[in-house]
Amino acid sequence: MAAVVGFLTQLIAHQLALGGDTMEPLRAVLDTNFWLATHVVTITLGYSATYVAGFLALLYILRTALPHKLAEETETSFAGMVYGAICFAVFFSFLGTVLGGIWADQSWGRFWGWDPKENGALLVVLWNALIIHAYRQKLVGARGLMNLAVAGNAITSFSWFGVNMLGVGLHSYGFMDRAFTGLVIFILSQAAVLALSWLTSRRRVAPQKPLPA
């Protein structure tokens, strides 16, 4: 599979390199139903799946913060759902990013230019891949998987919305004060959930005091 995918990507790279890295006059990039139906749909599916995993993880953390211990079957089910959603997310976010690069090449004359929005898309792909690697290699357990997925909420929000507000790059949609405030509040809320998860895990592993004689 690696050889086949590598061969196909080399063919794509060869075709993209034929025209050189030129910056022609900007075209109406949104005036195309094909790319709106491919890049936009796939990248939205990838980011939405990241949110699904993140909010399932958030529910897990809030549930484990309650006094009653979570059943082992339920914990396993949560981990399976979050991991499955992340696998779905990394596939579609990667596919959407590649399709966006091809769209950019046709519209602006270059496949990749390290634009803030492009870096944000790459960050989502790398973060989801990191989660899969860490969980598959048993570097983290169920709790670590949930923490990484919640952090993915903040990363995806910044990558999807935050970089649009920087006022630089071809993808900049302008700096919006209200949206910026909401984004900061949401990211802080995810940080608070991670702090709650840390406190909950410490409480669960804290040594029990010996009973009085």
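The values are calculated or read from the model by the stated rules, or taken from the named source; none is laboratory data. None of the values given here were measured: they were computed from a predicted structure. Here the Cβ is made from the backbone with ideal geometry for all residues, glycine too, and neighbour counts use every protein chain on show.
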*Is it the case that region 169-183 has a residue that's in a helix (DSSP H, G or I), touching a residue at least 40 places away in the same chain (Cβ under 8 Å) and surrounded by 17 or more Cβ atoms within 10 Å (Cβ to Cβ)?*
no
When restricted to A49, A79, A89, the only residue over 14 Å from the mean Cα position of the chain (by Cα) and in a helix (DSSP H, G or I) is A79
Across region 114-147, the tally of residues that are touching a residue at least 24 places away in the same chain (Cβ under 8 Å) and either over 15 Å from S93 (Cα atoms) or among the charged types (D, E, K, R) (or both) stands at 10
Assess whether V82 counts as being within 29 Å of F34 (Cβ to Cβ), modelled with pLDDT of 90 or more and crowded, with 21+ Cβ neighbours inside 10 Å.
no
Listed by first then second residue, the pairs whose first member lies in region 185-200 and is surrounded by 13 or more Cβ atoms within 10 Å (Cβ to Cβ), whose partner is of a type in the set (V, I, T), with beta carbons under 6 Å and at least 6 positions apart or on separate chains, are Q190/V150; V193/I61; V193/V150; L194/V150; S197/I61; T200/T64
Scanning region 161-183 residue by residue, the ones that are at pLDDT 80 or above and more than 18 Å from W114 (Cβ to Cβ) total 2
Given (1) over 19 Å from the mean Cα position of the chain (by Cα); (2) basic (K, R); (3) assigned to a helix (DSSP H, G or I), R110 misses just (3)
Out of (1) at pLDDT 90 or above; (2) touching a Phe, Trp or Tyr at 6+ places or on another chain (Cβ under 6 Å); (3) of a type in the set (G, A, S), the one G101 does not meet is (1)
